[in-house]
1. Rg (Å, one decimal) plus Dmax (Å, integer) for the alpha carbons of the stretch 53-109?
2. Residue 123 versus residue 53, label points 7 Å from Cα toward the beta carbon: distance in nm?
3. Starting from the Cα of residue 85, step 7 Å along the direction of its Cβ; do the same at residue 70; then give the gap between the two resulting points in nm.
4. If you count, for each residue, the other Cβ atoms within 10 Å and average over each peptide, how do 115-127, 94-106 line up from highest to lowest?
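Throughout, read-outs are computed from the coordinates displayed, never taken from laboratory work. Only a predicted model underlies this, so the values are computations on that prediction, with no experimental measurement involved. No Cβ is skipped: glycine too gets one built from the backbone with ideal geometry, and neighbour counts run over all protein chains shown.
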């Protein structure tokens, strides 16, 4: 499958805000279990937004999400991974939904991100 995608990479600020929201919500639970879960949240976030070409075949976004889950999730330094289509059911005025696939990957540290970027499965995904 030949995929030509334009990638807006490293929406770090947005991803960091997402991470902060998730870790903050766990801490406000008011119990030690919530705090312990929040403290285990990996601090390094990699966020990518994919825009498929207008002539991409039907189902290409679903195929990309399947490839993400098959290839990228298997990389040892990945601590968490979420991929999906934009949430358009209750779109807010400031929400962007003009992309086809969003990807959020969590790591323990910068070395984990570096390992991920250089890993053969990541290279295979990028070249696909």
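1. Every Cα atom of the stretch 53-109 included, Rg and Dmax give 13.5, 38 Å.
2. Modelled inter-label distance: 2.4 nm.
3. Calculated label separation equals 2.0 nm.
4. 94-106, 115-127
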